[in-house]
Amino acid sequence: MPALTTQERDRHLPELEAAGWTVAEDGASIAKTYKFKTFPMAFGFMTRAALYAEKWDHHPDWSNTYNTVAVQLSTHDIGGLSDLDVKLAKKMDELA
Ligand code: HBI
């Protein structure tokens, strides 16, 4: 899985930042915290997102506290960001 090129980063990261994602200082991951009305809504989001993560063989680093879900995305195999991170981030925003 190749790392995002500079051109791809310049194209996708501003869009994700506008949607509430933050890029880590080392540029190797992106993070976002989702807040829902209830725990079942938060866990339902995780369940829906998990199906895509499994389908795409690309899994988030995430934690759930009551109605919030803190998500960090990176591609562990390359120690940085790939287009799977962009793809999963955009899907998570759709599902939230
Ligand atoms: N998920 N976020 C992330 N990054 C990976 O590199 C990754 C994964 N899920 C499965 C996976 N890699 C497999 O290809 C094995 O490398 C574990």
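Observations
- Scanning the stretch 65-86 for residues that are surrounded by 15 or more Cβ atoms within 10 Å (Cβ to Cβ), of a type in the set (A, V, I, L, M) and farther than 23 Å from T38 by Cβ yields L73, L81, L84, V86.
- Condition met for A89 (open to solvent by 30 Å² or more (accessible area, probe 1.4 Å) and either away from the ligand (no atom under 12 Å from the Cβ) or part of a helix (DSSP H, G or I) (or both)): no
- Note on the stretch 24-33: residues that are over 18 Å from H59 (Cβ atoms) and open to solvent by less than 50 Å² (accessible area, probe 1.4 Å) total 1.
- R48 vs. criteria outside any loop (DSSP other than H, G, I, E, B), away from the ligand (no atom under 11 Å from the Cβ) and open to solvent by 80 Å² or more (accessible area, probe 1.4 Å): yes
- In the stretch 66-75 there is at least one residue that is within 16 Å of the ligand (Cβ to nearest atom), out of contact with any His (no Cβ under 8 Å at 6 or more places or on another chain), under 17 Å from A3 (Cα atoms) and of a type outside the set (A, V, I, L, M, F, W, C).
- Subset of the stretch 51-64 that is assigned to a helix (DSSP H, G or I) and within 12 Å of A89 (Cα to Cα) - its residue that is most open to solvent (accessible area, probe 1.4 Å): Y52
- Cβ-Cβ under 9 Å pairs, at least 6 apart or on other chains, the stretch 67-84 side closer than 23 Å to G44 by Cβ and in a loop (DSSP other than H, G, I, E, B), far side of a type in the set (D, E, K, R) and open to solvent by 10 Å² or more (accessible area, probe 1.4 Å): N67/K35; N67/K37
The values are calculated or read from the model by the stated rules, or taken from the named source; none is laboratory data. Given the structure is predicted, the values throughout are model-derived calculations rather than measurements. All Cβ positions, even for glycine, are placed from backbone atoms using ideal geometry, and neighbour counts span all protein chains on display. Protein only, heavy atoms only, side chains kept; ligands, DNA and RNA dropped before computing areas. Shrake-Rupley method; radii C 1.70, N 1.55, O 1.52, S 1.80 Å.
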